[in-house]
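J.: Here you go, one structure.
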Amino acid sequence: MSTKQTPAPVSVVPGRLTAAAALTALEGLALAGLGVYLLFVGIAGDADSPQQAVTGGITVLALAALPLIAARGLRLGRRWSRGPALITQLMAMPVAWTLWTTGGAMIAAALALALTALAVIVLLVNPTATEALGITPRDAA
């Protein structure tokens, strides 16, 4: 007699949710890369203040965890992941503005960050995505 169980059905995550997860993960990876760079600069001693560079690197790496965890949750269709993903995008907007006002080559980075954040926000408030995450309007309940 076999005790083999049939696997649970896999729910399909909509493309919009997958796109939001991918963009959020990209932001998290960019933050993680910046954190590693700051750590390297601090450890190598090339910074004006190695201690500040190391502290900044650790802080940025910790901040990178939020979008990466949210992206994984979005990809798996977890309801809780929408909040952290939206918070990440809202935090990205002032950063994009700061990059914009810096000028020069940072304008391109500001545009990329702002457009990515705006795209993720639009994807996450889309009815298809909210329905897939099990989020319904309060008046429908």
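J.: So which of L124, L111 ends up being open to solvent by 80 Å² or more (accessible area, probe 1.4 Å), modelled with pLDDT of 95 or more and under 16 Å from L23 (Cα atoms)?
T.: It is L111.
J.: Additional query: Out of (1) in contact with a helix residue (DSSP H, G or I) (Cβ under 9 Å, 6 or more places away or on another chain); (2) within 23 Å of G33 (Cβ to Cβ), the odd one out for G77 is which?
T.: G77 satisfies every listed condition except (2).
J.: Now for a different question. If I filter segment 50-64 down to residues being open to solvent by 40 Å² or more (accessible area, probe 1.4 Å) and not β-branched (V, I, T), which single residue comes out as nearest to the chain's Cα centre (by Cα)?
T.: Among those residues, the one meeting the criterion is L63.
J.: Give me a count of the residues in segment 74-90 that are of a type outside the set (K, R), surrounded by 14 or more Cβ atoms within 10 Å (Cβ to Cβ) and assigned to a helix (DSSP H, G or I).
T.: Looking only at that region, the number is 7.
J.: Only one residue in T102, T24, T116 is surrounded by fewer than 17 Cβ atoms within 10 Å (Cβ to Cβ) and β-branched (V, I, T), so which one is that?
T.: Within the list T102, T24, T116, the selection yields T102.
J.: Same structure, new question: Quick test for you: out of R79, R16, R72, pick the one residue that is of a type outside the set (D, E) and at pLDDT 95 or above.
T.: R72
J.: Restricting attention to segment 37-69, report how many residues are part of a helix (DSSP H, G or I) and either more than 22 Å from T88 (Cα to Cα) or of a type outside the set (G, A, S) (or both).
T.: Counting residues in segment 37-69 that are part of a helix (DSSP H, G or I) and either more than 22 Å from T88 (Cα to Cα) or of a type outside the set (G, A, S) (or both) gives 23.
The values are calculated or read from the model by the stated rules, or taken from the named source; none is laboratory data. Keep in mind the model is a prediction, meaning the values are calculated, not measured. Positions of Cβ are generated from backbone atoms using ideal geometry, with glycine treated the same way; all protein chains shown enter the neighbour counts. Side chains included, ligands, DNA and RNA excluded: accessible areas come from the protein's heavy atoms. Shrake-Rupley method; radii C 1.70, N 1.55, O 1.52, S 1.80 Å.
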